[in-house]
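See below for the structure under consideration.
The values are calculated or read from the model by the stated rules, or taken from the named source; none is laboratory data. Keep in mind the model is a prediction, meaning the values are calculated, not measured. Here the Cβ is made from the backbone with ideal geometry for all residues, glycine too, and neighbour counts use every protein chain on show. Accessible surface areas use protein heavy atoms only, side chains included; no ligands, DNA or RNA. Shrake-Rupley method; radii C 1.70, N 1.55, O 1.52, S 1.80 Å.
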Amino acid sequence: MCRFLLSCAIAGLAVTPLTALHRQDPDFTAAASRAFQERRWDDLVRLSEERLAAADGGQVEAALTYLALGRTGAGDVAGAVEALRRLEERGADPDEPVAGGDPPLQGVLSVLWNRMWADFDPQANRREFGPLFEAFPDSSAAPLCASRLLMAALELGDDAEAHRLDEWFDDALAAAEECGDRAARRALLQRWVRGHLLAEDADATVRSRAEDLWRDAWAAACREYGFDGPPTGGGLDEDACRRRLECELDTDDAYGLLIRATVLAGEGVPAGSPLLEIEDEPGARFEDVTAAVGLSGLAVTRVASADYDGDGDPDLCLAGRLFENRKGRFFEVGKEQGVTRTGHGALFGDYDGDGRLDLLVASTPSPTLYRNVGRGKRAAFEDVSGAVGLDRVRFTAAPEGAAWVDFDGDGDLDLYFAVYEAPVGQGHPDVLLENRGRDGFVDVSAELGIVAAGPWCGRGVSPYDCDGDGVTEVFVSDYRLQPNLCWDFAEGVMAEIASGTLLAGREQPPGEGAFGHTIGACWGDVDGDGTSELFLANLAHPRFVRQGFSNLSMLLFRDAAGAWRDEALLRGIRFQETHSDPAFVDYDADGDLDLSITCVYEGVPSLLLQNDGKGRFRPVTVRSGAVVFHGWGQSWLDYDRDGFLDLVVASDGGVRVFRNLGNDHHHLKVRLRSRGGGPFAYGATVRVTTLDAEPPQVWVRQLQPIRGTTSQDEPLLYFGLGDYDGRLQVEVRWPGDGGSTVETTRADRLLRIRG
């Protein structure tokens, strides 16, 4: 009675050819296998039906199996069920291997899942999963089908159907208990919890079961891998870190469900929740003010912040949609101020050096540039794309990553675009545009060697002066297991310096040319030693990690000899499958950089990690109140000017704004304005030293507001000072050959420095 429980966790598996069937009848199955691999579902159906109609009638089981797969891929699940029924009539069990091949029912479910994994339309789920569940309610396919059908019933308000499916799960859970199959019970519980959460239905019972699932899953993983340490945090040796990683790989889904159930239940983190052990007490908390600031109902994936109108508070641009900050509330003003194009992201930067922030929209097929022509309190933009030559640029795929960056150190802002893929997996050359003043932007991608690299699937651009020579390097995040790039311009030559180092990623297995799925990256000094580290956010499927490829996210430190080493596990960076857009930020104003990471995929929570002051991290995601699901870009800014950094996250599930409620700590904000072509001083380095403390404390930050995957933070430098409220020395090293400036100030101020 428990046979179907053994495979109830099937989901998202790659569809593989039925090689055993191929050996049985190569004349038919060779063609069918090719059609199957190439997803030519109509051809697969035709081949299978022709085989079944053939006079010799051989290999009926193989033909019926391929027919079921083909009909599933073509969207005819009822037809697939009919083919599986015919297999049963011949005495074959669709849930068991047929003729030495894979179980047909599992193959059908895999094809169906690959089509439907991100489709949450309730009617579509009923249409697709319903026939399979009703025909085979005791099969390995039933739990996944029942989970999706439960979600659909809850979404549609069909109480009777939801009750029927709840009872089905209760009976299956009781059967698993009777059989003593703890793994089956966990898998069933996981499906039941997910069904409710996909419909955003989470009461105390759902939360309690999610907690039960997490505890059971974590305990089982710890037993299997011999791990007896804490569930999160740094400070373990390498062996313990690897054991904990194995536990995290096994329990990542249960971890996400625990967080989502806790958040949707809406009661904070209750007493007895495992999150109290997993997460630390946060140094500051957030409140969701999305509705209060006027940004409800917006579904965009990229966000940038800057004070473009010069009134002292930061405004927003959401992938080209412009919002003005008016006393802490945002109003959409793009149309009235002349900004009419949207794109894959948008960024503020002063390209012409007139002291006003212009706006770049990473649109296709060409980028769009709006020049800020506002005067006084009147903000206005004009489209100058044609005048500066951007209309001559033709992207061959979407520009997922973009950045303003003075790559050649001449004082004005150039443009780098990381170009993604089309079709899936096919990369395209990146685009580098040099700013030549009155001559506009000139494509130098070919002459400087950018085109010759790859072509890769670019996703993000994170500029940073990583070698301290005063010229900004261009770090490019590449996806699809491809190496990352880092460009260094010196003596008129653009050199790619990531190759052969961990900046490119870790080649897994060695010599096979597979690296990571890097989406975003960010730079910052996490251990307070005056040098900067790099965090690479890699999407890493657990099954691929276990197979020995697909990089985990990395936290890279550089030694005195210039070699990079990864300390993500040692420092307590928790595994999550879909790390996406990262940011180093001192959210609690205690003087060290914390780490915020968005995570894509429906229902997957973001991650906020708190720095212990020594570069080790512990999560505070839920307890801080700043959790987002299916998040993409993020921007940190002080939108209400209270001295603490707030958070805006762009998401397919809706933009979210979190106000930082602050604490008793002190801070300093530094806004730079230099002379020359880049008056907003992107690339400047600021060193702050306490003058009334022994020993003195020192913080070093670099103004690089653009990072990740076309994300932009408010372009000023923020220094948390903890308990210190005395005098401060502030030294600015201006970008390029701009020299340096030294000033003295006190805590809790916005210091404006002109170079």
Name every residue in region 449-501 that is surrounded by fewer than 21 Cβ atoms within 10 Å (Cβ to Cβ) and of a type in the set (K, R), in order of residue number. R480
By my count, strands (runs of 3 or more DSSP E) wholly in region 502-594 with at least 1 residues that are within 20 Å of L245 (Cβ to Cβ) and open to solvent by 10 Å² or more (accessible area, probe 1.4 Å) are 517-524, 564-566
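Residue-by-condition table, conditions (1) within 25 Å of D414 (Cα to Cα); (2) modelled with pLDDT of 95 or more; (3) in contact with a Gly (Cβ under 9 Å, 6 or more places away or on another chain):
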position: S674; (1), (2), (3): yes, no, yes
position: G677; (1), (2), (3): yes, no, yes
position: R687; (1), (2), (3): no, yes, yes
position: P696; (1), (2), (3): no, yes, no
position: W699; (1), (2), (3): no, yes, yes
position: I706; (1), (2), (3): yes, yes, yes
position: T710; (1), (2), (3): yes, yes, yes
position: D713; (1), (2), (3): yes, yes, no
position: L717; (1), (2), (3): yes, yes, no
Residue in region 652-692 that is surrounded by the fewest Cβ atoms within 10 Å (Cβ to Cβ), counting only those that are of a type in the set (D, E, K, R), touching a Lys or Arg at 6+ places or on another chain (Cβ under 6 Å) and under 13 Å from P715 (Cα atoms): R673
Look through region 167-200, keep the residues that are assigned to a loop (DSSP other than H, G, I, E, B) and not acidic (D, E), and return whichever of them is surrounded by the fewest Cβ atoms within 10 Å (Cβ to Cβ). G180
Have a look at G631, G613, G625, G603 and point out the one that is of a type outside the set (D, E, K, R), surrounded by fewer than 23 Cβ atoms within 10 Å (Cβ to Cβ) and within 18 Å of F658 (Cβ to Cβ). G625
May I ask you to list the residues in region 226-235 that are closer than 18 Å to I573 by Cβ and either modelled with pLDDT of 95 or more or assigned to a helix (DSSP H, G or I) (or both)? F227
Can you list residue pairs whose Cβ atoms sit under 9 Å apart, with the first residue in region 108-129 being farther than 26 Å from A62 by Cα and the second being among the polar types (S, T, N, Q) and surrounded by 15 or more Cβ atoms within 10 Å (Cβ to Cβ)? Count only pairs 6 or more apart in sequence or on different chains. D119/N125
List the residue pairs whose Cβ atoms are under 6 Å apart, where the first residue sits in region 421-439 and is exposed (fewer than 13 other Cβ atoms within 10 Å of the Cβ), the second is assigned to a strand (DSSP E or B), and the two are 6 or more positions apart or on different chains. none
Counted residues in region 581-623 being among the hydrophobic types (A, V, I, L, M, F, W, C) and touching a Cys at 6+ places or on another chain (Cβ under 7 Å) come to 3
Do you know which residues across region 367-404 are crowded, with 24+ Cβ neighbours inside 10 Å and either among the hydroxyl-bearing types (S, T, Y) or over 18 Å from G343 (Cβ atoms) (or both)? Y370
What about D488, is it of a type in the set (D, E), within 27 Å of D713 (Cα to Cα) and either modelled with pLDDT of 95 or more or part of a strand (DSSP E or B) (or both)? yes
